[in-house]
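Asker: Please find one structure pasted underneath; my questions will follow.
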Amino acid sequence: MGFDLATAFLATRLDAASGLPADTRRQVLLARIHTFIDHNLGNPQLTPTYIAENHHISVRTLHQLFRTETSTVAATIRRRRLERCQADLADPRQRSQSISALAARWGFLMPAEFSRAFRAAHGMTPTEFRHEATRQARTAPGHK
């Protein structure tokens, strides 16, 4: 896949992307979309429609691209946002930030929605997770 991506990059720079195999074009577009998602997680407007518009494809085409992925577009966005929230909740440098502020940073503007999604993914509330992460950090070897 690395060679295909390098070839695709060069082809797009040379305006020859249409000459690439369809699967290579699909892989390149999917990689661009994943990068776009990662760079826009904090944008509450990040939806399949927004992604499709920014990549000049239809929402249907976007969903077709994700058929080979392990999750849907929306589930991918939600999972990555939750991963970022989880990292912030576990980060001792973020303890002074409210949970709702951390969630909003990653696109969760409704605290109740965030709490439900977090509990579904992690089996505990964000508050419980933060307390557990803090407790583990205090009992870790080398903690002062």
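The values are calculated or read from the model by the stated rules, or taken from the named source; none is laboratory data. As the structure is a prediction and not an experimental result, all values here were calculated from the model. We place every Cβ from the backbone using ideal geometry, glycine too, and count neighbours over all the protein chains shown. Surface areas here come from the heavy atoms of the whole protein model, side chains and all, with no ligands, DNA or RNA. Shrake-Rupley method; radii C 1.70, N 1.55, O 1.52, S 1.80 Å.
Asker: Please verify whether segment 27-46 includes one or more residues that are modelled with pLDDT of 85 or more, assigned to a helix (DSSP H, G or I), among the β-branched types (Val, Ile, Thr) and over 21 Å from ARG105 (Cα atoms).
Answerer: Scanning segment 27-46 turns up at least one residue that is modelled with pLDDT of 85 or more, assigned to a helix (DSSP H, G or I), among the β-branched types (Val, Ile, Thr) and over 21 Å from ARG105 (Cα atoms).
Asker: Failed condition for ALA87, given (1) under 18 Å from the mean Cα position of the chain (by Cα); (2) surrounded by 15 or more Cβ atoms within 10 Å (Cβ to Cβ); (3) part of a helix (DSSP H, G or I), with all others met?
Answerer: (2)
Asker: Same structure, new question: Could you give every pair whose Cβ atoms fall below 8 Å, whose first residue belongs to segment 108-130 and is over 10 Å from LEU89 (Cβ atoms), and whose second residue is open to solvent by 30 Å² or more (accessible area, probe 1.4 Å) and basic (Lys, Arg), counting only separations of at least 6 or pairs across chains?
Answerer: Within 8 Å, the pairs are ALA117/ARG78; ALA121/ARG79; THR125/ARG119.
Asker: Would you check which residues across segment 47-73 are in a loop (DSSP other than H, G, I, E, B) and either free of Cβ contacts under 8 Å to residues at least 12 places away in the same chain or under 16 Å from the mean Cα position of the chain (by Cα) (or both) and list them?
Answerer: Scanning segment 47-73 gives THR47, HIS56, SER58, GLU69, THR70, SER71, THR72.
Asker: Identify all residues within segment 98-111 that are open to solvent by 60 Å² or more (accessible area, probe 1.4 Å) and either closer than 17 Å to THR47 by Cβ or among the aliphatic types (A, V, I, L, M) (or both); write none if there are none.
Answerer: Residues satisfying the conditions are LEU109, MET110.
Asker: Count, please, the residues in segment 123-136 that happen to be touching a helix residue (DSSP H, G or I) at 6+ places or on another chain (Cβ under 6 Å) and not in a loop (DSSP other than H, G, I, E, B).
Answerer: Looking only at that region, the number is 4.
Asker: Looking at HIS63, HIS131, HIS122, which one is farther than 20 Å from LEU41 by Cβ and of a type outside the set (Gly, Ala, Ser)?
Answerer: Step by step, each of HIS63, HIS131, HIS122 is checked, and only HIS131 is farther than 20 Å from LEU41 by Cβ and of a type outside the set (Gly, Ala, Ser).
Asker: If you don't mind, there's one more thing I want to ask. Out of all the residues in segment 90-122, which are under 20 Å from HIS39 (Cβ atoms) and either of a type in the set (Phe, Trp, Tyr) or part of a helix (DSSP H, G or I) (or both)?
Answerer: Once the filter is applied, which keeps residues that are under 20 Å from HIS39 (Cβ atoms) and either of a type in the set (Phe, Trp, Tyr) or part of a helix (DSSP H, G or I) (or both), segment 90-122 yields LEU102, ALA103, ALA104, ARG105, TRP106, PHE108.
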